[in-house]
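To keep things clear, I will list the structure first and then write my remarks on it.
Please treat every number below as a calculation from the coordinates, not as lab data. Model, not experiment: these values are computed from the prediction. Because the Cβ atoms are built from the backbone with ideal geometry, glycine has one as well, and the counts that use them run over all protein chains shown.
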Amino acid sequence: GNSVTQMEGPVTLSEEAFLTINCTYTATGYPSLFWYVQYPGEGLQLLLKATKADDKGSNKGFEATYRKETTSFHLEKGSVQVSDSAVYFCALSDRGYSTLTFGKGTMLLVSP
Amino acid sequence: GAGVSQSPRYKVAKRGQDVALRCDPISGHVSLFWYQQALGQGPEFLTYFQNEAQLDKSGLPSDRFFAERPEGSVSTLKIQRTQQEDSAVYLCASSLTGASGKGEQFFGPGTRLTVL
């Protein structure tokens, strides 16, 4: 079956530091890959996505590249801000109607 | 415009009680999903509707869980005879596209269910 594994948190960084959150997946076929973000007290929001190998998704300074050879979709940001503090979920979809399989989430804490 | 809304936001139930959780998707969205998110975990798929048709209920953990979407808009997730392991956040999401589409899912804020 499908599964997503992401690094355990919390990840604690100082403002302007470089961020990497690792995500690897197992899936049949060729899934679409997503990063969702959950800010404190809010619902899940789509951050970025990639639908085929070598695609790069990007949004709000975050980016992730779909690597089929390593089955990975690592999230990166060059300079984090305090406002980026949230829980980040890696997810995949390989069914026609887009049911998502999520990782366990990684909490990011950014201090001034 | 209005996003996905869910009610109630918080529900406390005594073990053995029945509960009903409501989801109002974005108007016009064909697809509707329910997920269960246990504390410290990612959301897990429960069931999927395309309009009023429940096309996949493979994620429902037991026959105590029942979902409906009779008119293809509002959906209700019902849990009968609640147990402590049902305590979780229940998330609803809707998507504009139907089967074979890969439209973005828009999530509601969730209903936090606590079973005592």
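Here are some notes:
- Look at the stretch A:82-93: the mean tally of other chain Cβ atoms within 10 Å of its residues' Cβ atoms is 1.
- Averaged over B:43-50, number of beta-carbon atoms from partner chains that fall within 10 Å: 3
- Dipole magnitude of the protein assembly as shown about its Cα centre (Cβ charges: Lys, Arg +1; Asp, Glu -1), debye to nearest 20: 460
- Cα extents for the stretch A:34-84 along the principal axes, largest to smallest and rounded to whole angstrom: 36, 23, 15.
- For the stretch A:1-66, a/c is not less than 1.5, where a ≥ b ≥ c are the root eigenvalues of the C-alpha gyration tensor, and a/b tops b/c. That puts it in the prolate class.
- Calculated SAXS-style log₁₀ I(q)/I(0) at q = 0.11, 0.13, 0.14 Å⁻¹ - chain B, Debye, Cα scatterers: -0.32, -0.44, -0.51
- Intensity falloff of the protein assembly as shown expressed as log10 I(q)/I(0), Debye formula with alpha-carbon point scatterers, at q = 0.13, 0.17 Å⁻¹: -0.77, -1.23
- One way to sum up the overall shape of chain A is the equivalent ellipsoid from its Cα gyration tensor, whose semi-axes run 24, 14, 12 Å, largest first.
- Loop-located GluC sites (Glu not before Pro) across the stretch B:43-78 with a Cβ neighbour count of 13 or fewer within 10 Å are B:52, B:71, with loop assigned by DSSP.
- Hits among lysines - C-alpha to C-alpha of residue A:52 under 17 Å, sequence gap 8 or more where chains match: A:68, B:102
- Among the trypsin sites (Lys or Arg not before Pro) within the stretch B:1-48, those in coil by DSSP and having at most 14 neighbouring Cβ atoms inside 10 Å are B:9, B:14, B:15.
- Magnitude of the charge dipole, chain B, Cβ model with Lys/Arg +1 and Asp/Glu -1, debye to 20: 380
- Entries of A:60/B:57; A:60/A:104; A:56/B:57 with Cα pairs more than 25 Å apart: A:60/B:57; A:56/B:57
- Taking all pairs of distinct alpha-carbon atoms in the stretch A:67-112, Kirkwood radius in angstrom: 12.8
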